[in-house]
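The values are calculated or read from the model by the stated rules, or taken from the named source; none is laboratory data. Values in this document were obtained by computation on a predicted structure and should not be read as measured data. Don't worry about glycine lacking a Cβ; one is built from the backbone with ideal geometry, like all the others, and counts go over all protein chains shown. Accessible surface is based on the protein model in full, side chains and every heavy atom, while ligands, DNA and RNA are left aside. Shrake-Rupley method; radii C 1.70, N 1.55, O 1.52, S 1.80 Å.
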Amino acid sequence: MKKTIIYPSIAILIVVLVFSFFYNGFSGIQSITIQQYDEPINDGKITTDKEKIKPITRILNRSNRVTGDYEMEYKYYYKIQLKYKDGQIEVLYVYENFRKNITLFVSDVRDNYKINNKQANELLDLLLN
C-alpha cells in the first residue's frame with residue numbers, strides 16, 4: 001500500500017522539478033517583432049505564425065537564466081518584442097558574442113538569459129526568414 005503512494009508521489013515531484021528547471025515562463029506568445037538596433041520597432045519584421053513561434057518559445061524556455069546586471073560596451077544587435085495573448089509586451093535585447101559561443105538576451109521585465117550561438121542563430125533565422 002505504501003509503495004503505491006510513495007512511487008507515484010516521487011515521480012510527480014521529479015516531473016515538477018524537471019519542468020520548473022527547464023521553464024523560464026515564455027508562454028502564450030501571440031506575436032514576435034524583430035528589428036535591428038538602428039530601426040524603429042514599427043519597421044521590424046512581425047511573426048504571428050504559430051509554427052515559427054513554437055520553436056522560438058522552446059529555445060527561450062531552455063535558455064539559461066543569468067542574474068545580475070551587465071554594463072555593455074556595445075549596442076545590442078537586435079531588439080525582439082514579444083506580445084503575449086494577455087496584452088503584455090516584453091522586449092529582449094540581443095547581444096551576440098557576449099562571451100565565447102554565447103548570446104545574451106536582456107529582458108526589460110525579467111531576468112537575463114543566455115544561449116549558445118547555434119540556438120541563437122536558429123532563433124534569429126526563424127524570425128528573419
Probe radius 1.4 Å, ligands and nucleic acids ignored: give me the carbon and sulfur share of the accessible area of the chain as a rounded percent. 54
Do any trypsin sites (Lys or Arg not before Pro) in region 34-98 lie in a DSSP loop with no more than 16 other beta carbon atoms within 10 Å, and if so, which? 62, 75, 85
For the full complex of protein chains and a 1.4 angstrom probe, list 108, 38 by accessible area with the highest value first. 38, 108
Label-point separation in nm, residue 10 to residue 64, each point 7 Å along Cα→Cβ: 3.0
Residue 69: net charge of surrounding residues, Cβ under 13 Å, Lys/Arg +1, Asp/Glu -1, itself excluded? -2
Helix 50-61 axis, angle to the chain major axis (alpha carbon atoms, nearest 10°): 70
Considering all alpha-carbon pairs of the chain, what whole percent are spaced by more than 19 angstrom? 53
Tell me the per residue accessible area of the chain using a 1.4 Å probe; a whole number in Å² is fine. 67
Go through region 100-110 residue by residue and turn each phi into a ³J(HN,Hα) via Karplus (6.51, -1.76, 1.60, θ = phi - 60°); whole Hz please, and just put x for glycine and proline. 4, 6, 10, 10, 9, 10, 9, 8, 8, 10, 9
Could you work out how far apart the two model spin labels at residue 27 and residue 74 are, taking each label as a point 7 Å from the Cα in the direction of the beta carbon, and quote it in nm? 3.6
Given just the C-alpha atoms of region 78-129, how large is their convex hull per residue in cubic angstrom? 77
Among 84, 74, 37, residue whose mean-square fluctuation peaks in a GNM of the chain (springs only between Cα atoms under 10 Å): 74
